[in-house]
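One structure below.
The values are calculated or read from the model by the stated rules, or taken from the named source; none is laboratory data. If you're wondering where the values come from, they're calculated on a predicted model, not measured in any experiment. No Cβ is skipped: glycine too gets one built from the backbone with ideal geometry, and neighbour counts run over all protein chains shown.
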Amino acid sequence: MNPHDELNALIGRFEGAGDLFGQVDHVASSLTPEPYQGLLVHNHHMTVTMEDYHGTPVDVRILDQAHDEEAYCRKIILLKTGGEQVVQFGVVRFNLEYVTSQVRDEILEGSTPLGRVLIKHNVLRHIDLGAILKVTAGQGLAEHLRMGEGEVTYGRLATIFCNEHPAVDLLEVSAPLVPVD
């Protein structure tokens with residue numbers, strides 16, 4: 001996978017995608033600084049990882065979505081439950097043919113983070129980490145993550161396999177975190 005091609009394919013479905021990033025660089029997993037390395041370099045659901053890191057459940061807010069015969073796509077933020085603190089920006093492209101109608105309906109409802117839905121319904125899944133990204137925020141990402149334009153954070157591209165099929169492509173970008181010494 002070429003990380004820049006995959007990134008462009010994911011964000012290109014949404015209007016205003018060009019203003020999300022100032023710059024995006026692929027970074028070796030081993031060179032990802034903490035606390036981002038612990039938060040991003042793994043094969044687990046980011047929903048659970050974000051909840052563990054921030055010590056609270058997270059809620060999803062859908063910023064935009066598109067649904068056609070091939071895929072359901074959505075641009076989201078995750079927020080700490082009960083508040084407005086954003087912890088993650090994401091873009092999801094989901095081929096819904098690999099899940100039951102009950103799972104599909106709950107995903108389309110949009111009130112529960114994707115990872116939580118898959119876990120709740122015990123969908124057989126594994127997650128392949130595609131790439132770690134060093135992201136310089138453009139105006140759009142800065143607004144979504146409530147950070148300064150030009151400020152740097154980290155994210156990842158990943159694929160979730162559902163019932164042994166590559167069903168979900170993800171871009172997950174963490175809100176800026178305080179480095180660990």
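Scanning segment 96-154 for residues that are on the phi > 0 side of the Ramachandran plot and either of a type in the set (A, V, I, L, M, F, W, C) or free of Cβ contacts under 8 Å to residues at least 40 places away in the same chain (or both) returns a single hit, Asn122.
Take the residues in segment 141-181 that are acidic (Asp, Glu) and buried (at least 20 other Cβ atoms within 10 Å of the Cβ); name whichever of them is farthest from Arg104 (Cα to Cα). It comes out as Glu172. If you go through segment 151-168 and keep only what is under 21 Å from Gln23 (Cα atoms) and either within 14 Å of the chain's Cα centre (by Cα) or of a type in the set (Val, Ile, Thr) (or both), you end up with Val152, Thr153, Tyr154, Gly155, Arg156, Leu157, Ala158. Scanning segment 11-41 for residues that are more than 17 Å from Lys134 (Cβ to Cβ) and crowded, with 16+ Cβ neighbours inside 10 Å yields a total of 3.
Of all residues in segment 79-92, those that are buried (at least 24 other Cβ atoms within 10 Å of the Cβ) and modelled with pLDDT under 95 total 0. Of all residues in segment 5-37, which are part of a loop (DSSP other than H, G, I, E, B) and either touching a residue at least 60 places away in the same chain (Cβ under 8 Å) or not charged (D, E, K, R) (or both)? If the condition is that a residue be part of a loop (DSSP other than H, G, I, E, B) and either touching a residue at least 60 places away in the same chain (Cβ under 8 Å) or not charged (D, E, K, R) (or both), then Gly12, Arg13, Phe14, Gly16, Leu20, Ala28, Thr32, Pro33, Glu34, Pro35 are the ones that fit.
Please specify each residue of segment 50-78 satisfying the condition of being buried (at least 20 other Cβ atoms within 10 Å of the Cβ), more than 12 Å from the chain's Cα centre (by Cα) and assigned to a strand (DSSP E or B). Matches in segment 50-78: Val58 only. Against the test of being at pLDDT 95 or above and either in contact with a Ser or Thr (Cβ under 9 Å, 6 or more places away or on another chain) or within 16 Å of Val86 (Cα to Cα) (or both), the options Leu114, Leu141, Leu129, Leu157 yield a single qualifying residue, Leu141. If you go through segment 93-107 one residue at a time, do you hit one that is under 14 Å from the mean Cα position of the chain (by Cα) and buried (at least 18 other Cβ atoms within 10 Å of the Cβ)? Yes, because at least one residue in segment 93-107 is under 14 Å from the mean Cα position of the chain (by Cα) and buried (at least 18 other Cβ atoms within 10 Å of the Cβ).
Could you say whether any residue in segment 49-59 is under 25 Å from Glu97 (Cα atoms) and of a type in the set (A, V, I, L, M, F, W, C)? The answer is no; no qualifying residue exists.
Among the residues of segment 93-119, which ones are in a helix (DSSP H, G or I) and within 22 Å of Leu39 (Cα to Cα)? The answer is Leu114, Gly115, Arg116, Val117, Leu118, Ile119. Just to be sure, is Thr47 surrounded by 15 or more Cβ atoms within 10 Å (Cβ to Cβ), assigned to a helix (DSSP H, G or I) and β-branched (Val, Ile, Thr)? Judged against the criteria, Thr47 is a match.
Scanning segment 117-136 for residues that are touching a His at 6+ places or on another chain (Cβ under 9 Å) and of a type in the set (A, V, I, L, M, F, W, C) yields Leu118, Ile119, Ile127, Leu129, Ala131, Ile132, Leu133.
Right, Gln65: within 17 Å of Gly140 (Cβ to Cβ), polar (S, T, N, Q) and in contact with a strand residue (DSSP E or B) (Cβ under 8 Å, 6 or more places away or on another chain) or not? Yes.
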